[in-house]
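Notes for the one structure printed next.
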Amino acid sequence: MTKGIAGIGEDYKYGFKTPEKYVFKSKKGLSKEVVEEISHLKGEPDWMRKFRLKSLEIFLKKPMPWWGGDLSDVNFDDIYYFIRPSDKQGRTWDEVPKEIRNTFDKLGIPEAERKFLAGVGAQYESEAVYHNLKEEWKKKGVIFLDTDTALKEYPDIFKEHFSTVVPPADNKFAALNSAVWSGGSFIYVPEGVHIEIPLQAYFRINAQNMGQFERSLIIAEPGSFVHYVEGCTAPIYSTNSLHTAVVEIIIKKGARLRYTTIQNWSKNVYNLVTKRAVAYEDATMEWVDGNLGSKVTMKYPAVFMHGKGAKADILSLTIAGKGQNQDVGGKVIHMAPHTSSNIVSKSISQNGGRSSYRGLVKVLKGAHGVKSNVKCDAMILDDKSRSDTYPYMDIDEKRVSIGHEATVSRVTDEQLFYLMNRGLSESEAAAMVVSGFIEPIVKELPMEYAVEMNRLIQLQMEGAVG
Amino acid sequence: MENKNLKIQDLQVSISGKKILKGVSLSVKKGEVHAIMGPNGSGKSTLSYALMGHPSYKIENGSLTLNSEDINSLSPDERAKRGLFLAFQYPVTIPGVTVMNFLRNIYNKKIALTNGGKPVSIFQFNTLLKERMGLLKMEDAVAKRYVNEGFSGGEKKRLEILQLEILNPDIAVLDEPDSGLDIDALKIVSEGVNRAIEKGVGVIMITHYARILNYVKPNFVHVFIDGKVVKSGGPELAKELEEKGYDWLKG
C-alpha cells in the first residue's frame with residue numbers, strides 16, 4: 001500500500017526560464033581576473049578587493065570535503081561567477097525590468113510583500129533588482145539593504161562585522177564565497193526595536209551554469225527582534241548550477257533572531273552554504289531550515305553561544321526525492337555557562353532520495369549548566385531511499401545535561417488502512433500521515449508558508465496516484 | 001426508504017495462506033444490531049478486517065454485498081464511501097495530526113459524497129464537534145491532541161464512537177468497543193452506539209462479554225467459533241453464553 005506516497009516534491013513548478021538580457025556576464029570559470037573584475041564593477045574599496053583575492057588563494061589551496069554529498073560532478077571552470085541583471089535597483093516593482101518583474105510576479109513575491117511582509121529584497125542572478133523596507137521600520141532606524149549597497153552606504157558598521165563570524169579559511173566554500181560574493185541581505189536592527197512582521201529575501205537563479213554567491217550579514221542590537229525569511233528557486237537545466245552563500249549573524253545581549261529558509265532549488269543546483277550566528281548574553285538564535293530542492297545540499301546552520309544564558313534553536317525540515325542528497329543538520333557551540341540548545345530534525349526520504357542529519361554539539365570547559373537536546377526523526381517512504389544520522393558530540397564539561405534521540409518511521413499499512421477506512425483515498429491518507437510527521441516544524445513557519453507546504457504535499461501525493 | 005443492508009455469504013478468508021474464516025454467512029439490515037460473540041482467536045477480528053478490505057486478508061471464497069453491490073474487490077476507502085464503517089479494537093496513532101483536523105477532513109469527505117454537499121468551515125465544524133464530544137463526555141482539549149497519541153484505552157474507544165456518530169454510516173462493525181472500559185465509560189460508549197442505531201445505523205457488534213449487551217440491545221446474537229457461526233439466536237442467547245461459556249458449543 002505504498003504507491004500513493006511516491007512523488008512528494010517531484011512536481012517542480014518553479015522551473016520556468018526567462019530570456020537573458022543582462023548588463024554584464026563574466027566569462028566562464030574562476031580566476032584572479034574574474035575576482036578583480038567583480039570588485040572593479042562594484043566599485044569596492046581596496047580592502048574588499050584584497051580580501052577577495054586572499055580568499056581566492058585560500059579556496060584554491062583547500063581540498064574538497066571528503067564527507068557529505070558527492071561533489072565530484074562540480075566543475076568550477078564551467079560556472080559563470082558574476083552576472084549583473086540590471087543596471088539599476090528598483091525601489092518599486094515598476095522600476096524593475098519587465099521580464100524580471102514577471103518572474104517575481106509568478107513567484108508571488110510582490111503579493112506576499114503587500115500582504116504580510118515588512119520589507120522585501122529580490123536578487124536575480126548576482127545582484128538585487130529590488131529592495132524595499134516599509135517606511136515605519138526605516139523611521140525606527142532599521143536598515144534592510146542588499147549587501148553591496150550596505151558596503152557603500154554603511155562602510156563602518158559593515159567593516160566592523162563583516163567576516164568576523166565566518167572567516168574565509170573556515171571551509172572551502174566559505175573561501176569561494178568570500179572571493180566572489182555578490183548580493184545578499186544586510187540587516188541592522190537598532191537596540192530595542194521589534195520588527196513584528198517578517199523581512200523576506202528571495203533568491204532566483206535564471207541563467208544556465210550560474211553560480212550565485214550571496215553574502216548576508218545581520219546585526220541585532222541588544223533587546224531587538226527580527227524574523228528574516230528567505231526563499232530560493234531556479235529553472236531546471238541539464239547542467240549544474242552552484243549556490244554557495246555565506247550568512248553571518250550577530251545577536252547582541254537579550255536580542256532574538258529567527259531565520260527561516262525555504263530552499264527549493266531545482267534539482268541541478270549544488271547548494272553548499274555556510275550559515276552561522278554568534279549569540280551573546282541571553283540572546284536567542286532560531287534557525288528554521290527547510291530544504292526541499294537542490295541536487296546536493298550541504299548546510300549545517302550553527303550557533304556559537306558566547307554569552308551566558310544564550311539559546312539556540314535549530315529546526316530542520318528536509319525532503320529528499322529522486323536524485324537528491326540532502327546532507328543537513330546543525331551545530332551548537334556552548335562557550336558560556338547556562339547556555340541551552342535544542343535541535344529538531346525531520347527528514348523525509350523517498351523515490352531513491354538520501355537525507356542525512358549531521359550535527360555537532362560542543363561544550364567548552366567551564367560552560368557549566370549547559371542544556372542540549374537533539375531529536376532526529378527520519379521518515380523513509382520506500383526501500384530505495386535512505387536516511388543516516390551523524391550526531392557528533394564533543395563535551396569538555398561535566399556539569400551539563402545532554403540528550404539525543406533518533407527515530408526512524410514509515411507510513412505504515414495500518415495507518416493507511418485506518419484512514420482509508422474513514423473514506424480517505426490512499427494518497428490522501430499518506431499525505432495526512434506525512435503532514436503529521438512534519439507538523440512540529442511546519443507550525444513554526446509563517447502561516448502562508450505552512451499552508452503552502454501542506455498544499456504541496458497534498459497535491460503531489462494526489463498526482464502520484466495514477 | 002431504500003432497503004440498505006450488508007450480506008455476507010459463505011465468506012472464507014485466509015491470512016498468509018492460513019484459513020481463518022471458514023464460511024461465514026450473515027445478513028445485516030440498517031437499524032439492526034447483530035452481536036457476534038466468541039472466544040479469543042475465533043476469527044472475529046479477521047471478519048471485521050475482511051469486511052473492510054484489509055489488503056492482507058485474502059478472500060478465498062464467498063461474497064460481500066453492500067446495498068446490492070458486490071464490494072469484494074473494492075478498496076477500504078471505496079467501501080467507506082458506500083457506507084461501511086469499522087470501529088477498531090486497536091485504533092492506530094497518527095502523530096502530528098490533531099483530532100480536530102482529522103475529523104473535519106473525514107467529515108468533509110463524507111459531505112462531498114452527498115448531492116451538493118459543500119465542505120463546512122472550520123468554525124461550523126468545531127461547533128458540531130464540541131457538541132458531539134460533549135455527548136461522549138470528552139474534554140475539549142482532546143480535539144487539539146494528536147489522533148490516538150497518548151490516549152488511554154477509554155479515550156481511544158470514545159474517539160472511535162465519535163467517528164461513528166460523525167460519519168453516520170449505513171453499516172458499522174464495532175470490534176470490541178467495550179474492551180478495557182470501566183462501567184461509566186461503558187455506559188457513555190453504549191449511549192453513543194445507541195444514538196447511532198436510532199439514526200438507522202446497522203451494527204455488527206463484536207464482543208467477548210455480554211456486559212455491553214445490557215446497554216446496547218441486540219436483535220440477533222451469533223456465536224463465533226473457529227471461523228464460523230455455530231449458533232444464532234435472539235438476545236436470550238447472550239444470557240445463556242454468560243452462564244455457560246463457549247465450551248458446550250465447541251465441536
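B:GLU78 passes every criterion in (1) within 25 Å of A:PRO440 (Cβ to Cβ); (2) within 14 Å of chain A (Cβ to nearest Cβ) apart from (1). Checking the range B:208-215 against the condition returns a match, with at least one residue being touching a residue at least 12 places away in the same chain (Cβ under 8 Å) and buried (at least 21 other Cβ atoms within 10 Å of the Cβ).
For the range A:65-92, residues that are touching a strand residue (DSSP E or B) at 6+ places or on another chain (Cβ under 6 Å) and among the hydrophobic types (A, V, I, L, M, F, W, C) total 3. Looking across the range B:146-167, the residues that are within 12 Å of chain A (Cβ to nearest Cβ) and outside any helix (DSSP H, G or I) come down to B:TYR146, B:VAL147, B:ASN148, B:GLU149.
Please indicate, with yes or no, whether at least one residue in the range A:409-427 is within 12 Å of chain B (Cβ to nearest Cβ), of a type outside the set (A, V, I, L, M) and within 20 Å of A:LEU315 (Cβ to Cβ). Looking for residues that are within 12 Å of chain B (Cβ to nearest Cβ), of a type outside the set (A, V, I, L, M) and within 20 Å of A:LEU315 (Cβ to Cβ), one finds at least one in the range A:409-427, hence yes. If only residues of the range B:81-124 that are more than 8 Å from chain A (Cβ to nearest Cβ) and assigned to a strand (DSSP E or B) are counted, the one that is surrounded by the fewest Cβ atoms within 10 Å (Cβ to Cβ) is B:THR98. Tallying residues that are facing chain B (nearest Cβ under 7 Å) and either among the aliphatic types (A, V, I, L, M) or over 26 Å from A:SER316 (Cβ atoms) (or both) within the range A:428-437 yields 2. Based on what the data block shows, is B:SER48 within 14 Å of chain A (Cβ to nearest Cβ), within 29 Å of B:ASP247 (Cβ to Cβ) and surrounded by 15 or more Cβ atoms within 10 Å (Cβ to Cβ)? In short, yes.
Would you be able to say whether some residue in the range A:108-126 is part of a loop (DSSP other than H, G, I, E, B) and surrounded by fewer than 19 Cβ atoms within 10 Å (Cβ to Cβ)? Yes, that holds for at least one residue. Would you call B:ASP170 under 30 Å from B:LYS19 (Cα atoms), free of Cβ contacts under 8 Å to residues at least 60 places away in the same chain and either buried (at least 21 other Cβ atoms within 10 Å of the Cβ) or away from chain A (no Cβ under 13 Å) (or both)? No, not satisfied. Would you check if there is a residue in the range A:199-215 being without any contact (Cβ under 8 Å) to a residue 60 or more places away in the chain and either over 30 Å from A:THR18 (Cα atoms) or of a type outside the set (Val, Ile, Thr) (or both)? Looking for residues that are without any contact (Cβ under 8 Å) to a residue 60 or more places away in the chain and either over 30 Å from A:THR18 (Cα atoms) or of a type outside the set (Val, Ile, Thr) (or both), one finds at least one in the range A:199-215, hence yes.
When the range B:41-77 is filtered for residues that are part of a helix (DSSP H, G or I) and either among the aromatic types (Phe, Trp, Tyr) or free of Cβ contacts under 8 Å to residues at least 12 places away in the same chain (or both), the ones remaining, listed by number, are B:TYR49, B:ASP77.
Yes or no, residue by residue, for (1) away from every other protein chain (no Cβ under 14 Å); (2) in contact (Cβ under 8 Å) with a residue 12 or more places away in the chain; (3) surrounded by 20 or more Cβ atoms within 10 Å (Cβ to Cβ):
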| residue | (1), (2), (3) |
| --- | --- |
| A:ASN351 | yes, yes, yes |
| A:ASN373 | yes, yes, no |
| A:ASP377 | no, yes, yes |
| A:ASP382 | yes, yes, no |
| A:TYR392 | yes, yes, no |
| A:VAL400 | yes, yes, no |
| A:HIS404 | yes, yes, no |
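Only one of the numbered conditions (1) buried (at least 22 other Cβ atoms within 10 Å of the Cβ); (2) of a type outside the set (Asp, Glu); (3) away from every other protein chain (no Cβ under 14 Å); (4) in a helix (DSSP H, G or I) is violated by B:GLY134, and that is (1).
Computed from the coordinates by the stated procedures, all read-outs in this text should not be read as laboratory data. Fair warning: this is a prediction, and the values are worked out from it, not measured in the lab. Positions of Cβ are generated from backbone atoms using ideal geometry, with glycine treated the same way; all protein chains shown enter the neighbour counts.
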